[in-house]
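What follows is a single structure, written as C-alpha coordinates, with notes after it.
The values are calculated or read from the model by the stated rules, or taken from the named source; none is laboratory data. Everything numeric here is computed off the predicted structure, so don't read it as measured data. Using ideal geometry, Cβ is built from the backbone for each residue, glycine included, and neighbour counts are taken over all protein chains shown.
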Amino acid sequence: MISFQGITKVYPKGVEALRGVDLEISDGEFLFLVGPSGAGKTTLLKFLIREDLPSSGAIIFKDEDIVGLADHLVPQLRRQIGMVFQDFKLLEKRTVFENVAFALEVLGRNDNDIAQMVPFILQKVGLSEKLDFYPRQLSSGEQQRVAIARALIHEPEVLLADEPTGNLDYENSWQIINLLKQINEWGTTVIMATHDRTIVDSMKKRVVTLERGLIVKDE
(Lines give C-alpha, C1' and ligand atoms only; values in the text may rest on other atoms or scores of the structure.)
Protein backbone atom coordinates (compact mmCIF):
# COMPACT_ATOMS: atom_id res chain seq x y z
CA MET A 1 0.00 0.00 0.00
CA ILE A 2 2.78 2.45 0.96
CA SER A 3 6.22 2.55 -0.61
CA PHE A 4 9.01 4.97 0.30
CA GLN A 5 11.53 4.91 -2.54
CA GLY A 6 14.93 6.55 -2.16
CA ILE A 7 13.62 9.18 0.24
CA THR A 8 16.13 11.87 1.13
CA LYS A 9 15.50 15.06 3.11
CA VAL A 10 18.15 17.76 3.31
CA TYR A 11 17.44 20.85 5.41
CA PRO A 12 19.22 24.21 5.13
CA LYS A 13 22.94 24.17 5.91
CA GLY A 14 23.14 20.62 4.56
CA VAL A 15 21.55 18.82 7.50
CA GLU A 16 20.35 15.40 6.28
CA ALA A 17 17.22 14.17 8.07
CA LEU A 18 16.78 11.12 5.82
CA ARG A 19 19.21 9.47 3.45
CA GLY A 20 17.93 7.22 0.69
CA VAL A 21 15.22 5.49 2.73
CA ASP A 22 13.42 2.54 1.11
CA LEU A 23 10.46 1.11 3.01
CA GLU A 24 7.45 -0.99 2.02
CA ILE A 25 4.37 -1.11 4.27
CA SER A 26 1.59 -3.58 3.53
CA ASP A 27 -2.14 -2.97 3.70
CA GLY A 28 -3.42 -3.75 7.21
CA GLU A 29 0.02 -3.84 8.82
CA PHE A 30 0.92 -2.55 12.30
CA LEU A 31 4.42 -1.08 12.15
CA PHE A 32 6.57 0.65 14.74
CA LEU A 33 9.12 3.32 13.81
CA VAL A 34 11.75 3.55 16.52
CA GLY A 35 15.02 5.38 17.00
CA PRO A 36 16.50 8.34 18.87
CA SER A 37 15.22 11.89 18.54
CA GLY A 38 16.26 13.32 15.19
CA ALA A 39 16.46 9.91 13.53
CA GLY A 40 13.78 10.84 10.96
CA LYS A 41 10.66 9.11 12.33
CA THR A 42 8.40 12.17 12.45
CA THR A 43 9.72 13.40 9.12
CA LEU A 44 8.57 10.19 7.42
CA LEU A 45 5.10 10.53 8.93
CA LYS A 46 4.81 14.15 7.86
CA PHE A 47 5.63 13.16 4.30
CA LEU A 48 2.64 10.83 4.22
CA ILE A 49 0.19 13.65 4.96
CA ARG A 50 2.09 16.13 2.79
CA GLU A 51 2.94 18.36 5.75
CA ASP A 52 6.47 18.31 4.38
CA LEU A 53 8.10 17.09 1.18
CA PRO A 54 11.28 15.08 0.62
CA SER A 55 14.22 16.58 -1.22
CA SER A 56 14.23 13.56 -3.53
CA GLY A 57 12.54 10.20 -3.92
CA ALA A 58 9.00 8.93 -4.37
CA ILE A 59 6.24 7.97 -1.93
CA ILE A 60 3.69 5.65 -3.47
CA PHE A 61 0.27 5.46 -1.82
CA LYS A 62 -2.41 3.44 -3.60
CA ASP A 63 -0.38 3.38 -6.83
CA GLU A 64 0.17 7.15 -6.91
CA ASP A 65 3.27 9.20 -6.08
CA ILE A 66 1.96 11.65 -3.50
CA VAL A 67 5.15 13.74 -3.62
CA GLY A 68 3.89 15.25 -6.84
CA LEU A 69 0.26 15.43 -5.74
CA ALA A 70 -1.49 18.69 -6.68
CA ASP A 71 -2.14 20.92 -3.68
CA HIS A 72 -5.91 20.89 -4.18
CA LEU A 73 -5.88 17.08 -3.76
CA VAL A 74 -4.04 17.12 -0.42
CA PRO A 75 -7.27 17.38 1.68
CA GLN A 76 -8.55 14.27 -0.06
CA LEU A 77 -5.30 12.46 0.80
CA ARG A 78 -5.62 13.49 4.46
CA ARG A 79 -9.10 11.99 4.64
CA GLN A 80 -7.49 8.65 3.79
CA ILE A 81 -4.58 9.03 6.23
CA GLY A 82 -5.41 10.13 9.79
CA MET A 83 -2.76 11.34 12.23
CA VAL A 84 -2.51 11.48 16.01
CA PHE A 85 0.13 13.52 17.84
CA GLN A 86 1.80 13.46 21.25
CA ASP A 87 0.19 16.73 22.35
CA PHE A 88 -3.44 15.90 21.37
CA LYS A 89 -4.06 19.25 19.59
CA LEU A 90 -7.61 19.58 20.94
CA LEU A 91 -9.67 22.77 20.88
CA GLU A 92 -9.94 23.72 24.55
CA LYS A 93 -13.15 25.74 24.18
CA ARG A 94 -15.02 22.95 22.38
CA THR A 95 -16.59 19.85 23.89
CA VAL A 96 -15.54 16.32 23.04
CA PHE A 97 -18.43 16.13 20.55
CA GLU A 98 -17.49 19.48 19.02
CA ASN A 99 -13.80 18.59 18.72
CA VAL A 100 -14.61 15.51 16.68
CA ALA A 101 -17.42 17.21 14.76
CA PHE A 102 -15.05 19.99 13.70
CA ALA A 103 -13.21 17.57 11.40
CA LEU A 104 -16.50 17.02 9.56
CA GLU A 105 -17.63 20.63 9.63
CA VAL A 106 -14.58 21.81 7.68
CA LEU A 107 -15.63 19.44 4.90
CA GLY A 108 -19.15 20.81 4.85
CA ARG A 109 -20.87 17.69 6.18
CA ASN A 110 -24.46 18.33 7.20
CA ASP A 111 -25.78 18.35 10.76
CA ASN A 112 -27.58 15.01 10.36
CA ASP A 113 -24.38 13.24 9.27
CA ILE A 114 -22.46 14.81 12.14
CA ALA A 115 -25.13 13.85 14.68
CA GLN A 116 -24.87 10.21 13.61
CA MET A 117 -21.16 9.84 12.93
CA VAL A 118 -19.66 11.54 15.99
CA PRO A 119 -21.45 9.47 18.70
CA PHE A 120 -20.66 6.31 16.72
CA ILE A 121 -16.91 6.95 16.60
CA LEU A 122 -16.81 8.12 20.23
CA GLN A 123 -18.46 4.86 21.25
CA LYS A 124 -15.72 3.04 19.35
CA VAL A 125 -13.02 4.72 21.47
CA GLY A 126 -14.93 4.34 24.74
CA LEU A 127 -16.04 7.93 25.27
CA SER A 128 -19.82 7.70 24.86
CA GLU A 129 -20.34 9.17 28.33
CA LYS A 130 -18.07 12.17 27.73
CA LEU A 131 -19.75 13.87 24.75
CA ASP A 132 -20.36 17.14 26.58
CA PHE A 133 -17.10 17.28 28.50
CA TYR A 134 -14.37 19.80 27.71
CA PRO A 135 -10.74 18.71 27.29
CA ARG A 136 -9.78 20.17 30.69
CA GLN A 137 -12.32 17.82 32.32
CA LEU A 138 -10.69 14.72 30.83
CA SER A 139 -7.67 12.68 31.81
CA SER A 140 -4.70 12.79 29.45
CA GLY A 141 -5.60 9.31 28.21
CA GLU A 142 -9.15 10.40 27.46
CA GLN A 143 -7.87 13.46 25.61
CA GLN A 144 -5.76 11.21 23.41
CA ARG A 145 -8.85 9.07 22.75
CA VAL A 146 -10.65 12.19 21.52
CA ALA A 147 -7.73 12.91 19.21
CA ILE A 148 -7.88 9.33 17.90
CA ALA A 149 -11.66 9.63 17.37
CA ARG A 150 -11.10 12.83 15.39
CA ALA A 151 -8.49 11.07 13.24
CA LEU A 152 -10.84 8.12 12.64
CA ILE A 153 -13.98 10.10 11.80
CA HIS A 154 -13.22 9.93 8.06
CA GLU A 155 -12.64 6.16 8.26
CA PRO A 156 -9.05 6.47 7.01
CA GLU A 157 -7.22 3.52 5.55
CA VAL A 158 -4.04 4.48 7.43
CA LEU A 159 -3.60 5.88 10.94
CA LEU A 160 -0.29 7.56 11.82
CA ALA A 161 0.57 7.94 15.50
CA ASP A 162 3.54 10.14 16.42
CA GLU A 163 4.58 9.34 20.01
CA PRO A 164 0.88 8.99 21.04
CA THR A 165 1.83 7.78 24.54
CA GLY A 166 4.62 10.33 25.10
CA ASN A 167 2.58 12.42 27.57
CA LEU A 168 0.78 9.53 29.25
CA ASP A 169 1.39 7.43 32.34
CA TYR A 170 1.79 3.65 32.21
CA GLU A 171 -1.90 2.75 32.52
CA ASN A 172 -3.13 5.32 30.01
CA SER A 173 -0.32 4.39 27.61
CA TRP A 174 -1.47 0.81 27.49
CA GLN A 175 -5.10 1.81 27.04
CA ILE A 176 -4.08 3.80 23.97
CA ILE A 177 -1.90 0.98 22.63
CA ASN A 178 -4.74 -1.52 23.05
CA LEU A 179 -7.06 0.89 21.23
CA LEU A 180 -4.58 1.23 18.36
CA LYS A 181 -4.29 -2.54 18.24
CA GLN A 182 -8.07 -2.83 18.01
CA ILE A 183 -8.19 -0.21 15.25
CA ASN A 184 -5.61 -2.25 13.36
CA GLU A 185 -7.74 -5.38 13.81
CA TRP A 186 -10.66 -3.49 12.22
CA GLY A 187 -8.49 -3.34 9.09
CA THR A 188 -6.72 0.02 9.40
CA THR A 189 -2.99 0.18 8.71
CA VAL A 190 -1.27 1.66 11.79
CA ILE A 191 2.18 3.27 11.74
CA MET A 192 3.41 4.38 15.16
CA ALA A 193 6.58 6.30 16.01
CA THR A 194 7.72 5.76 19.58
CA HIS A 195 10.67 5.76 21.99
CA ASP A 196 9.00 3.24 24.32
CA ARG A 197 10.80 -0.09 23.91
CA THR A 198 8.57 -1.74 26.52
CA ILE A 199 5.53 -1.21 24.32
CA VAL A 200 7.37 -2.24 21.17
CA ASP A 201 8.77 -5.43 22.69
CA SER A 202 5.40 -6.45 24.14
CA MET A 203 3.42 -5.97 20.94
CA LYS A 204 5.55 -8.28 18.78
CA LYS A 205 4.83 -6.33 15.59
CA ARG A 206 7.15 -5.26 12.81
CA VAL A 207 9.78 -2.78 14.01
CA VAL A 208 11.76 -0.46 11.73
CA THR A 209 14.70 1.24 13.43
CA LEU A 210 16.04 4.57 12.17
CA GLU A 211 19.38 6.12 13.06
CA ARG A 212 20.74 9.33 11.57
CA GLY A 213 18.27 9.19 8.70
CA LEU A 214 18.95 5.59 7.75
CA ILE A 215 17.02 2.38 8.31
CA VAL A 216 19.44 0.22 10.29
CA LYS A 217 17.07 -2.60 11.19
CA ASP A 218 13.75 -4.01 9.95
CA GLU A 219 12.46 -6.97 11.90
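List of remarks:
- Members of the stretch 53-82 found to be touching a residue at least 40 places away in the same chain (Cβ under 8 Å), at negative phi and touching a Phe, Trp or Tyr at 6+ places or on another chain (Cβ under 9 Å), listed by number: P54, S55, A58, I59, I60, Q80, I81
- Only residues that are within 22 Å of I199 (Cβ to Cβ) and either in contact with a helix residue (DSSP H, G or I) (Cβ under 9 Å, 6 or more places away or on another chain) or surrounded by 14 or more Cβ atoms within 10 Å (Cβ to Cβ) (or both) were counted in the stretch 3-45, giving 18.
- Number of positions in the stretch 119-139 that are surrounded by fewer than 15 Cβ atoms within 10 Å (Cβ to Cβ), touching a residue at least 24 places away in the same chain (Cβ under 8 Å) and either touching a Gly at 6+ places or on another chain (Cβ under 9 Å) or not in a loop (DSSP other than H, G, I, E, B) (or both): 1
- All positions within the stretch 100-117 that are over 19 Å from the mean Cα position of the chain (by Cα), assigned to a helix (DSSP H, G or I) and within 20 Å of K89 (Cα to Cα): E105
- Members of the stretch 1-17 found to be more than 19 Å from the chain's Cα centre (by Cα) and either touching a residue at least 40 places away in the same chain (Cβ under 8 Å) or under 22 Å from V200 (Cα atoms) (or both), listed by number: Q5, G6, I7, T8, K9, V10, E16, A17
- Enumeration of residues in the stretch 18-36 that are of a type outside the set (A, V, I, L, M) and either free of Cβ contacts under 8 Å to residues at least 24 places away in the same chain or closer than 18 Å to E219 by Cα (or both): D22, E24, S26, D27, G28, E29, F30, F32, G35, P36
- Tallying residues that are charged (D, E, K, R) and either at pLDDT below 95 or surrounded by 16 or more Cβ atoms within 10 Å (Cβ to Cβ) (or both) within the stretch 162-187 yields 4.
- Residue selected from the stretch 163-215 under the condition among the acidic types (D, E) and without any contact (Cβ under 8 Å) to a residue 60 or more places away in the chain, by the criterion farthest from L45 (Cα to Cα): E171
- Conditions (1) more than 17 Å from R94 (Cβ to Cβ); (2) in contact with a Lys or Arg (Cβ under 6 Å, 6 or more places away or on another chain); number of the one not met by T194: (2)
- Residue check for V207: of a type in the set (A, V, I, L, M), surrounded by fewer than 21 Cβ atoms within 10 Å (Cβ to Cβ) and under 17 Å from the mean Cα position of the chain (by Cα): yes
- Residue in the stretch 52-72 that is farther than 17 Å from P164 by Cβ, surrounded by 17 or more Cβ atoms within 10 Å (Cβ to Cβ), out of contact with any strand residue (DSSP E or B) (no Cβ under 6 Å at 6 or more places or on another chain) and of a type outside the set (A, V, I, L, M, F, W, C) present: no
- Screening V190 on (1) in a loop (DSSP other than H, G, I, E, B); (2) of a type outside the set (K, R); (3) at pLDDT 95 or above shows it passes everything except condition (1).
- G20 vs. criteria assigned to a loop (DSSP other than H, G, I, E, B) and more than 16 Å from A161 (Cα to Cα): no
- Odd one out for P156 among (1) assigned to a loop (DSSP other than H, G, I, E, B); (2) surrounded by fewer than 16 Cβ atoms within 10 Å (Cβ to Cβ); (3) modelled with pLDDT of 95 or more: (2)
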